[in-house]
Every structure is written in C-alpha cells, then in structure tokens.
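Asks: Here it is, the structure, as structure tokens.
Each reported figure results from applying straightforward, stated rules to the coordinates on display, with no laboratory input. Treat the numbers as computed from the prediction; the structure is a model and nothing was measured. Heads up, the Cβs are rebuilt from the backbone with ideal geometry, glycines too, and the neighbour counts pull from every protein chain shown.
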C-alpha cells in the first residue's frame, strides 16, 4: 500500500490535512477515500457507530498505523491518550509522566504538569494506588508534557463512572483552553461531544457522513433549548432517535 504521511507543519492555521485516505484490513475497506482538515487550536469530536472507522483514523493520525493509501499531514508534535491510561506499574507517577522524553527524567517538568491536572500530591505514588479518574489524569499529563500541537484522545473517559467522567470532561476543556492545541477526540457520547467540541464529525462506513459546527457559548448548559435541539439532531443522524419523536430508541 502506498501512502504519503508527512509530519511537517502545513501552515500556522492548519493542524491536520487528510486527502483520499483509504485503509483496508484484508478484503475489508475500513476508510474510504476520507478527507479531513482540522484547524490549529480546533476541538473536533468523532462520533459514529462501533466499527465505522473512528479509532482507525485516530491511530493513523497518531502514526501507529501507516499501512494506508492517501495523503496525511500532521504536526511533528502530537500526543495520544487512550481509554486505558497505560501507566507503567513499576514506575512512580511522576516518572510515568515524563516516560519516553529524551534525556534524564525531569522531576520538575513532571511536577508542573501533574499540578495542571490536580495531582501534585500523587507524584510519588504508585499507579496501583490511583483511582480510575486519577490514572486518566496522569495519562493526560503525560500527553501534555510533550507540548503537542495535536492531541488525539480515543474514548478517554469511557471507563470512568458518571461523576468522575463529568469532572474529567471539565478538566480536558480547561486544559485545551490553556494549551491551545488542536484536539481530535473519539467518543460514543453525544452529550460529551456537544459539551467539548467546536465541530462534530459523524462517521458512517468509513466516511465522514455529516459535520456539525457547535456554535454554543462556553461553558455549555445541557438543559438549554439549543443544546437539546442539536443533541436530538445528532442522535437522529446516528440512528438512535426517530426524526418524528423526541425520545431515544
């Protein structure tokens, strides 16, 4: 398979540029000549049914999967956060944050980013002593310590309980506002997408089937009439709501 995957910055206004991206697993085509542009500093969320190609696209942009055809341009500085925090259990929290960075482990740098995610008191803790929400915050600190121009998040809150998830959503919104990097996040949660995104992309059968610009003021009120209306439209497009009703299936 031939592909052009470049890590040169496209322009100061663009973080991601994808053209004609196709990905196959054997005889199955997962992505079909997909086109995508993400502006610098834009928060984009991918929604779609399981198996539509969301996580595959994210893995390609992360450089994890290069067996594709088409053109992909992404920043050199990019980080990935997964649903599982993937912390090394034999390393203390602060060492997990700076894991993989060149040179000697920098405790001061780790402390700076742990403070950003509210975990200064856990720098010397072992990962097994953390709650699920705390471990996910360490994962975010590890992603941000690389000062990415593009942050890729693959269902980062999927394993969290409802209350912890709300807190984590607010944290990601604040970190994005502070750092100004572009974000591409995969989720199955429509409400979460509406709370966080500048733009929502609905994927279906390996293509971007629809996009919604979310022009709602921040912080967003899930009870506001505009929020409820947009949520209903997205659910309908995902096949989870009849256009003629107001209730999810």
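Asks: Within region 182-200, whose backbone N sits under 15 Å from a point 7 Å along Cα→Cβ of residue 218?
Replies: Under cut-off, by backbone N: 182-185, 192-200.
Asks: Could you list the residues of region 217-240 with an amide nitrogen less than 14 Å from a label point located 7 Å from the Cα of residue 204 in the Cα-to-C-beta direction?
Replies: Output list for this probe position: 233-240.
Asks: Rounded to the nearest 5, what % of the DSSP beta bridges within the chain are antiparallel ones?
Replies: Taking every DSSP beta bridge with both residues in the chain, the antiparallel ones total about 50 percent.
Asks: Another question, if that's okay. Could you calculate the FRET efficiency of residue 76 with residue 211 from 1/(1 + (r/R0)^6), where r is the beta carbon distance between them and R0 is 30 Å, rounded to 0.05?
Replies: 0.70
Asks: Could you calculate the contour length gain from residue 84 to residue 109, that is, 0.36 nm times the residue separation minus the distance between their Cα atoms, to one decimal place in nm?
Replies: Separation in residues times 0.36 nm, less the Cα-Cα distance, equals 6.7 nm.
Asks: Return the calculated 222 nm mean residue ellipticity for the chain, to the nearest 500 deg cm²/dmol, obtained by summing -39500 (n - 2.57) across DSSP H runs with n ≥ 4 and dividing by the residue count.
Replies: -9000 deg cm²/dmol
Asks: Identify which of 177, 141, 225 has the largest mean-square fluctuation in a Gaussian network model of the chain, with springs joining Cα atoms closer than 10 Å.
Replies: Among 177, 141, 225, the largest mean-square fluctuation in the Gaussian network model of the chain belongs to 225.
Asks: In nm, to one decimal, how far is the modelled label at residue 49 from the one at residue 177, with both set 7 Å along Cα→Cβ?
Replies: 3.7
Asks: Which value in nm describes the separation of the simple spin-label points at residue 225 and residue 65, placed 7 Å from the Cα toward the beta carbon?
Replies: My value for the distance between the label points is 4.3 nm.
Asks: Highest GNM mean-square fluctuation, the chain, Cα pairs closer than 10 Å: which of 231, 95, 220?
Replies: Judging by the Gaussian network model, the answer is 220.
Asks: Right, something else. Report the full-extension gain for the segment residue 167 to residue 14: residue separation times 0.36 nm, less the Cα-Cα distance, to one decimal in nm.
Replies: Result for the pair: 52.1 nm of gain on full extension.
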